[in-house]
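To start, the structure under review is shown below, and the notes come after it.
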Amino acid sequence: MSLYLDHLATLQRQAEAALERTGFDALLIASGIEKYAFLDDRPYLFQPNPHFKHWLPLTNHPHSWLAVRPGRKPRVVYFQPDDYWHVPPSAPSGEWVDAVELVIVREPEAAAKALADCVTARTAVIGEGDAALPGLVPNNPEPLLNLLHWARGVKTPYELEQMRAAQRRAVPAHLAARKAFLAGASEAEIHRAYLVASGHTDRDLPYSNIIGLNEHAAVLHYQYQDDSPPPESRSFLIDAGAQVNGYASDITRTWVAPGHDEFAALVAAMEAEQLGLVDEVREGVDYRDIHLSAHRRTARVLRNAGIVKMSEAAMVEEGVTKPFFPHGIGHLLGLQVHDVGGFMASQDGGVADKPEGHRYLRLTRPLQAGMVVTIEPGLYFIPMLLRELRASPHAAQVDWHAVERLSRYGGIRIEDDVACRAAGEAPENLTRDAFAAA
Ligand code: GLY
Ligand code: MN
Ligand code: MN
């Protein structure tokens, strides 16, 4: 059986079990609708319902629907309007076509009729409120969503293949961006080099590229791109991904221009720790422990570099690593860059708490084989957080001259996408595999 058909069979099995457990007869999923700017006739970039693209490699298909019922082929209501202003979705093609019962509609409202025989008093309808049609109003039942979100944490072999492909698409673009940085390009030029090499346009990116030179690398989600280069390009942080069939990659690299040895040594120290953290991605490990391990490792880097003169244990205990590493170690990745379900206590819901004082961690579940997570430690020189440290009782333990020297580089983040494998097996580093192959 093909990977895709096997994936579809897995989703069908999971959906049937979820319907039975929650007392529903059918699951209807709206792909979503285009949204318009206020008082304007321009649509925002369409964002499909992730539940829809979980089943089908259709990412630019507003007003389409999927119906899942026990023991039946899924039905796809495929919206293909007659439209000479825009390119309508092309004729259905691909492996999915034969695996479903296909109904083509030309008007959004026609979907209601095409799905009427699926609707009972106990129908789950997943979608945003604005996708509603007469008799088809999204109710998004939480117990059912919980089951589906929990299951989505573990990828099928088909999904892993899409995610490997999303790495192969992003990595050559990362290398092109690095080359542009070393040639003295501006942030905007680096961004364009990335797009050219990935074959994406801005519309296709799984999230807006983060392209920061020098001090801009200290802004975690730096959202601009200067169109002229700085007088000197010392360091370059790029956080950028790609998409394949709706699956994302999410990769960060920090590059250093020649001759900046102190910062280059710090990047090398962080990279060694990052690889150590990747190796902690093992079945059964509590992801919160990897986050806490990242703080211990950050303390080691800060101490070895002479930036903070406290014992590693005291540094972590007193929260001195936090201003330097003020985000979580990573998150689930898949159909969404920050994939759903990261805080669930079980398939029936509930919340697995973050470690106290670590509010930005986005994943608190034990790792299972087949999960894909990011491992993205960082070490930054963020003026706002350093001001607080400077006003704290620990200020005297910090080498502020070193901080000042290193602040000119902004910071470091190194992010790989990592698949957890079965117990006892080393993780699969999707990102490094793609860099090695490039
Ligand atoms: N690119 C966003 C993140 O790394 O979480
Ligand atoms: Mn990222
Ligand atoms: Mn990430």
Among 331, 61, 86, which one moves the most in a GNM of the chain with springs linking Cα atoms closer than 10 Å?
86
All other residues with a Cβ under 10 Å from the Cβ of residue 215 taken together, and with Lys, Arg as +1 and Asp, Glu as -1, what is their net charge?
+2
With θ set to phi - 60°, apply the Karplus curve 6.51 cos²θ - 1.76 cosθ + 1.60 along segment 420-429 and write out the HN-Hα couplings as whole Hz, x wherever there is a Gly or Pro.
7, 10, 4, 3, x, 9, 5, x, 9, 8
Dipole of the chain, positive end: most advanced residue of 238, 258, 196 [Cβ charges, Cα centre]:
258
Dipole in debye (nearest 20) - the chain, about Cα centre, beta carbon charges: Lys, Arg +1; Asp, Glu -1:
400
Taking the Cα centre of segment 316-438 as the origin and placing charges on Cβ (Lys, Arg +1; Asp, Glu -1), which of 341, 395, 430 is farthest toward the positive end of the dipole?
395
For labels at residue 93 and residue 317 in the simple 7 Å Cα→Cβ model, what's the distance in nm?
6.6
In segment 177-255, the GluC sites (Glu not before Pro) that sit in a DSSP loop and have at most 12 other Cβ atoms within 10 Å of their own Cβ are 232
Just to confirm my numbers, what's the Cα centroid distance between segment 284-328 and segment 26-49 in Å?
42
Applying the Karplus parametrisation 6.51 cos²θ - 1.76 cosθ + 1.60 with θ = phi - 60° to the phi angles of segment 74-88, what ³J(HN,Hα) value in whole Hz is obtained for each residue in order, glycine and proline being reported as x?
x, 9, 10, 9, 9, 7, 9, x, 7, 8, 9, 7, 10, 7, x
Here the percent of antiparallel bridges among DSSP beta bridges lying wholly in segment 1-135, to the nearest 5, is 45
Apply the a/c threshold of 1.5 to the C-alpha gyration tensor of segment 61-176 and tell me whether it is rounded, prolate or oblate.
oblate
How big is the gap, in Å, between the Cα center of segment 6-23 and the Cα center of segment 130-144?
18
Can you work out ³J(HN,Hα) from phi for every residue in segment 360-368, in order, using Karplus 6.51 cos²θ - 1.76 cosθ + 1.60 and θ = phi - 60°, giving whole Hz and x for Gly and Pro?
9, 5, 10, 8, 10, 8, x, 6, 10
Loop GluC sites (Glu not before Pro), segment 124-174, which have at most 14 other Cβ atoms in a 10 Å radius of their Cβ (DSSP):
128
To the nearest 20 debye, what charge dipole does segment 266-336 have about its Cα centre, counting +1 at the Cβ of each Lys and Arg and -1 at the Cβ of each Asp and Glu?
260
Which whole-angstrom value gives the distance between the alpha carbon centres of segment 146-183 and segment 420-438?
12
At a Förster distance of 35 Å, what's the computed FRET efficiency of residue 107 paired with residue 438, Cβ-Cβ distance as r, to 0.05?
0.15
Quick one: dipole size for segment 26-165, taken about the Cα centre, charges +1 on Lys/Arg Cβ and -1 on Asp/Glu Cβ, in debye to the nearest 20.
520
Work out the charge dipole of segment 4-135 with +1 on the Cβ of Lys and Arg and -1 on the Cβ of Asp and Glu about the Cα centre, then indicate which of 43, 120, 60 is farthest towards its positive end.
120
Taking the chain as a Gaussian network, Cα atoms linked when under 10 Å apart, which of 375, 307, 412 shows the biggest mean-square fluctuation?
307
Given the pairs 53/73; 155/322; 73/113; 53/179; 155/179; 35/354, which span a C-alpha to C-alpha distance of over 24 angstrom in this model?
155/322; 53/179; 155/179; 35/354
Whether segment 237-342 is rounded, prolate or oblate, judged on the alpha carbon gyration tensor where a/c under 1.5 counts as rounded
oblate
Comparing 334, 246, 23, which has the greatest mean-square fluctuation in the GNM of the chain with Cα pairs linked when under 10 Å apart?
23
Between the DSSP loop rule and a limit of at most 16 other Cβ atoms within 10 Å, which chymotrypsin sites (Phe, Trp or Tyr not before Pro) in segment 2-45 are left?
38, 44
Cα pairs beyond 33 Å in the chain, in percent, come to 41
Expected sort for 31, 233 with the fewest Cβ neighbours (10 Å cutoff) up front is 233, 31
Other residues with Cβ under 13 Å from the Cβ of residue 50 give, with Lys and Arg +1 and Asp and Glu -1, a net charge of -1
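All of the numbers you see were taken from the coordinates with simple rules; none came from a lab. None of these values were measured; they are calculated from a predicted model. Cβ coordinates were reconstructed from backbone atoms using ideal geometry, including for glycine residues, and neighbour counts include every protein chain displayed.
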